[in-house]
Amino acid sequence: MNILILGSGGREHALAWAVKQNPKCDRLICAPGNAGMASIAECAAFDINDGGAVVAFAEENAIDFVVIGPEAPLANGVADRLRAAGILCFGPSQQAAQLEASKAFTKEICDAAGAPTAAWAHFTDADAARDYIRAQGAPIVVKADGLAAGKGVVVAMTEAEALAAIDDMFDGAFGDAGAEVVIEEFMDGEEASYFILCDGVNALPVGTAQDHKRVFDGDKGPNTGGMGAYSPAPVLTDEIAATAMREIIEPTLAEMAKRGTPYQGVLYAGFMIKDGHARLVEYNARFGDPECQTLMMRLGGQVLDLLIASAEGSLDQVQVNWANDVAITVVMAAKGYPGAYDKGSVIGGLDALVEDSKNMVFHAGTALQDGQTVATGGRVLNVTARGETLTEARARAYAIVDQIEWPEGFTRSDIGWRAL
Ligand code: AMP
Ligand code: GLY
């Protein structure tokens, strides 16, 4: 099979690494890719958010299967364009990707499906939103409706903070995404993520994980795309997961199918868990980054068969063979991230690393320049390791971090603390 993976992050490097191990993979192309992907696949440069460009590239290169990594091409309808052209594709339609692209859409689906989630209200008028906040009181959560790169959510501990968030959002601080807001009940508890492959009808869980959103140790500092993750997430027990499948995931998928917009691809459910019960915080229409790196490490080459089954509608005919172990990812980011940071610093020590099915460095913001790997983004490397226990996996990952020579980078030193 000729396979095209869209994206350039650690998530897509991990997907490429897993797909490549499957004997069905003959030719692997990543677009746009990064230095890590370039070491295992061909890289191609074109606009991955332009459905016409993706279809044209796929046709010219006799691509049999396209895997869409990030949310932007999904929200732009790239999966629809590929399917219309008769090209097998992993990722939801533009309509189905609304589960990530619109908070209000997701809340409506939850209500229709009877899925447990925070109480909510939707506003397009700032005064009405302010009145609602004053009536409800704090803590309360204010969300810009559209895609805001993870920055459109304010968990307000005081009424004043919530009112300030309304001012910001209606002032255009979040662009068009802020013209509408969703205001939600604050949910207390511990967060964990559940990843479920869907084919429009069937749902197949492929793992749990926990992310570390804040930039500094002890969950301090501003939010990031994620500074590390581990899988499985002990807080999301088999029992809680099974109940969540029955109460949240299956009813959501049934509601999407009923509306004529069946969900195909991976559904990334963010749960708030309290007293042995999960409520939905949000859906994403893609794998989490860096959560995906830990899942790929545990799943390996079978991932390609699972992704194809999701795309073809045959998830009822496959099963997941679990490695009964733990994987962890420690993100190395450029100093200054998530604020301003320098680009172009050289990363040393990568060639000497021993990489295998238990120890991998997945690249995110890297490029090759004159034979050297240089940093080109905020999140740059994803050091990923497996072990019998989280303690073992974590020791391995930090030992690799120590071998990487990159003074301009930093990591959190406490990835996994919640589970330890
Ligand atoms: P979202 O983009 O909807 O996932 O929100 C980003 C983060 O805000 C979540 O991962 C939670 O940490 C927090 N959050 C969102 N909604 C709520 C809520 N209703 N109660 C408490 N925390 C929330
Ligand atoms: N790590 C969080 C996300 O991918 O949205």
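The values are calculated or read from the model by the stated rules, or taken from the named source; none is laboratory data. Predicted model, so just to flag it, every value in this text is computed and none were measured. Because the Cβ atoms are built from the backbone with ideal geometry, glycine has one as well, and the counts that use them run over all protein chains shown.
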Checklist outcome for this item: Condition set under 28 Å from Thr384 (Cβ atoms) and away from ligand 2 (no atom under 15 Å from the Cβ), scope region 273-292, selection surrounded by the most Cβ atoms within 10 Å (Cβ to Cβ): answer is Ala278
Checklist entry - Can you name every residue in region 48-78 that is farther than 10 Å from Leu6 by Cβ and either touching a Cys at 6+ places or on another chain (Cβ under 6 Å) or not hydrophobic (A, V, I, L, M, F, W, C) (or both)? => result Asp50, Gly51, Gly52, Glu59, Glu60, Asn61, Asp64, Glu71, Asn76, Gly77
Next on the checklist: Looking at region 90-118 only, could you name the residues that are in a loop (DSSP other than H, G, I, E, B) and either of a type in the set (Asp, Glu) or modelled with pLDDT under 95 (or both)?
Outcome noted: Ser102
Next on the checklist: Among the residues of region 209-243, what is the count of those that are within 10 Å of ligand 2 (Cβ to nearest atom), under 17 Å from Thr391 (Cα atoms) and among the aliphatic types (A, V, I, L, M)?
Outcome noted: 2
Checklist entry - Which of the residues that make up region 214-232 are under 13 Å from the mean Cα position of the chain (by Cα), over 21 Å from Val303 (Cα atoms) and modelled with pLDDT of 95 or more? => result Gly226, Met227, Gly228
Checklist entry - Quick check: anything in region 167-189 buried (at least 22 other Cβ atoms within 10 Å of the Cβ) and away from ligand 1 (no atom under 16 Å from the Cβ)? => result no
Next on the checklist: Here is a check on your reading of the model: is Glu255 within 16 Å of ligand 2 (Cβ to nearest atom) and either charged (D, E, K, R) or under 16 Å from Val19 (Cα atoms) (or both)?
Outcome noted: no
Next on the checklist: Tally up the residues in region 338-391 that are closer than 20 Å to Pro290 by Cβ and not in a loop (DSSP other than H, G, I, E, B), please.
Outcome noted: 22
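It is to be established whether one or more residues within region 72-88 are at positive phi, surrounded by 21 or more Cβ atoms within 10 Å (Cβ to Cβ) and within 20 Å of the chain's Cα centre (by Cα). Step through it out loud before you land on a result.
Start the filter on region 72-88 by keeping residues that are at positive phi, which leaves 77, 86.
From what is left, the residues that are surrounded by 21 or more Cβ atoms within 10 Å (Cβ to Cβ) are none.
No - not one qualifying residue is present in region 72-88.
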Checklist entry - Does at least one position in region 14-34 carry a residue that is over 20 Å from Phe287 (Cβ atoms), charged (D, E, K, R), out of contact with any helix residue (DSSP H, G or I) (no Cβ under 7 Å at 6 or more places or on another chain) and modelled with pLDDT of 95 or more? => result yes
Item to check | Qualifying residue in region 84-105 (condition: of a type in the set (Lys, Arg) and touching a residue at least 60 places away in the same chain (Cβ under 8 Å)) | outcome: yes
Checklist outcome for this item: With the first residue restricted to region 197-217 and required to be closer than 17 Å to Trp322 by Cα, and the second required to be β-branched (Val, Ile, Thr) and within 14 Å of ligand 2 (Cβ to nearest atom), Cβ contacts under 6 Å at 6 or more apart or on different chains are Leu197/Val266; Ala209/Thr294
Item to check | Matching residues, region 119-165, being assigned to a loop (DSSP other than H, G, I, E, B) and more than 26 Å from the chain's Cα centre (by Cα) | outcome: Thr124, Asp125, Gly137, Ala138, Pro139, Met157, Thr158
Item to check | Failed item, numbered, when Ser193 is tested on (1) within 13 Å of ligand 1 (Cβ to nearest atom); (2) farther than 20 Å from Ser102 by Cα | outcome: (2)
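So that you can scan it fast, the table gives a plain yes or no per residue for (1) on the phi > 0 side of the Ramachandran plot; (2) surrounded by fewer than 13 Cβ atoms within 10 Å (Cβ to Cβ); (3) at pLDDT below 95:
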{"site": "Ser310", "(1), (2), (3)": "no, no, no"}
{"site": "Val320", "(1), (2), (3)": "no, no, no"}
{"site": "Ala333", "(1), (2), (3)": "no, no, no"}
{"site": "Asp342", "(1), (2), (3)": "no, yes, no"}
{"site": "Glu388", "(1), (2), (3)": "no, yes, no"}
{"site": "Arg396", "(1), (2), (3)": "no, no, no"}
{"site": "Gln403", "(1), (2), (3)": "no, no, no"}
{"site": "Pro407", "(1), (2), (3)": "no, yes, no"}
{"site": "Arg418", "(1), (2), (3)": "no, no, yes"}
Next on the checklist: Pairs needed: first member in region 107-126, touching a residue at least 40 places away in the same chain (Cβ under 8 Å); second member anywhere, surrounded by fewer than 21 Cβ atoms within 10 Å (Cβ to Cβ) and among the hydroxyl-bearing types (Ser, Thr, Tyr); C-beta distance under 9 Å; at least 6 residues apart or different chains.
Outcome noted: Ala121/Tyr132; Phe123/Tyr132
